[in-house]
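To keep things clear, I will list the structure first and then write my remarks on it.
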Amino acid sequence: MDNSQQKVMLITGAAGGIGRATVKYFAEMGWRVIGVDRKEFGEPFPRDGLFIQTDISEPANMHSIYDQAKAFTPTLNAVVNNAGYQIAKSVLDTSVDEWDAVMASNLRAAFLGAKLAYPLLKAAGNAAIVNVSSVHAVQTSANIAAYAASKGGLLALTRVMAIEFAVDNIRVNAILPGAVDTPMLRAGMIRGSLEGETITSRLENLARKTVNGRIGKPEEIAHAIYFLADSSQSSFMTGQALIVDGGATARLSTE
C-alpha cells in the first residue's frame, strides 16, 4: 500500500506493556505508527514507522516530537496519550516535585500533545484522540494520590476536548484500564509487597477481585484502544470513558 493511503497514529509510552501491544496491533492492522517513549523500544520498531526516544514531561521535547511527526506525515488519524508515570505514595508523603513530575507526564503532556497534534488531526478530516486514563480516575485506593489525581484530570480533559474538537471532526475518548499485567503493575507490587509475599501471590489476590477472576493482558487494552481510534468502528462515540477492568468496578466493595 502507498504510504499516502495508510492511516497514521502517534502513541506515547510506546515501550511499556500496553504501549508495546498497541504499537504491534495497529501495525498489524495496516497503520503506520509513530512511537514515543523515554526508554528504548528494545526490539525492531515497525519498519514503516518512526520511534522517538524522549521525555514527554519536558514541553520543549513535545514540540520536537511534533516537528518530527510533521516531517514524517502530513496527517494523523489518531493520537494515543498512553504514557504513565506512577509514584506510590500517600498525599502526606508526596512532595511537590513528585506531584509535579506525575502531572507533567500524565496530564500536561496530553494537554500539550493535543494542541500540537491538532493541525495534523484536523488535516486527516476524520480523526481521534484516545486518552489512556485508569480506573483510579473513578475509584481508587490509598498511597497513589498523584497518579489517581492525574488520571482523573485526564478524564475531565477528555470531555472538554471532545466538546471543543468536534467542530473539526476529531473524536476524543478515554479508556480506563483496570489491573493489567504490565511492568508498571509488577514494579508497583514489588514496592508495596509485605514480608513473605511474592509477586505471584499478589497477582493472584488481585485477580480474585475481578469478576472475570484474572487480570488483564496488554493486548486486550490495545484492542479497546483500536476500537476507539478507528472511526469506522466508533464513529458515534466521543467524550466517553470506556472501562476495561474485568468487572472490578462493577462489584460492591462491601461484598
Q) Do you know which residues across region 65-77 are touching a Leu at 6+ places or on another chain (Cβ under 8 Å), more than 12 Å from P119 (Cα to Cα) and among the hydrophobic types (A, V, I, L, M, F, W, C)? A) I65, F72
Q: Among the residues of region 108-137, write down those that are within 13 Å of V80 (Cα to Cα) and within 11 Å of the chain's Cα centre (by Cα).
A: A110, I129, V130, N131, V132, S133
Q: Would you mind listing the strands (runs of 3 or more DSSP E) fully within region 1-118 where at least 1 residues are of a type in the set (A, V, I, L, M, F, W, C) and in contact (Cβ under 8 Å) with a residue 40 or more places away in the chain?
A: 8-12, 32-37, 78-81
**Q.** Residue among T54, T94, T73 that is polar (S, T, N, Q), farther than 30 Å from S141 by Cα, crowded, with 16+ Cβ neighbours inside 10 Å and touching a helix residue (DSSP H, G or I) at 6+ places or on another chain (Cβ under 6 Å)
**A.** T54
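Each row is one residue, and each column tells you yes or no for (1) out of contact with any strand residue (DSSP E or B) (no Cβ under 7 Å at 6 or more places or on another chain); (2) at pLDDT 95 or above.
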site: L10; (1), (2): no, yes
site: A27; (1), (2): no, yes
site: W31; (1), (2): no, yes
site: K39; (1), (2): yes, yes
site: E43; (1), (2): yes, no
site: G49; (1), (2): no, yes
site: E58; (1), (2): yes, yes
(Q) Under 6 Å between Cβ atoms, which residue pairs at least 6 apart in sequence (or on different chains) link something in region 191-216 that is closer than 21 Å to N143 by Cα and in a helix (DSSP H, G or I) with a partner that is at pLDDT 85 or above and among the charged types (D, E, K, R)? (A) A207/R214
Q) G84 passes all but one of (1) closer than 20 Å to L176 by Cβ; (2) at pLDDT 95 or above; (3) out of contact with any Leu (no Cβ under 7 Å at 6 or more places or on another chain); which number fails? A) (2)
Q: Could you list, in sequence order, all residues of region 119-140 that are part of a loop (DSSP other than H, G, I, E, B) and closer than 20 Å to Y226 by Cα?
A: G125, N126, S133, S134
Q. Assuming A166 fulfils every condition listed in (1) in a helix (DSSP H, G or I); (2) free of Cβ contacts under 8 Å to residues at least 12 places away in the same chain apart from one, which condition is it?
A. (2)
Q: Could you please find all residues in region 141-192 being among the acidic types (D, E) and either over 21 Å from F227 (Cα atoms) or at pLDDT 95 or above (or both)?
A: E164, D168
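The values are calculated or read from the model by the stated rules, or taken from the named source; none is laboratory data. Computed from a predicted structure; not experimentally measured. So basically every Cβ, Gly included, is an ideal-geometry build from the backbone, and we count neighbours across all protein chains shown.
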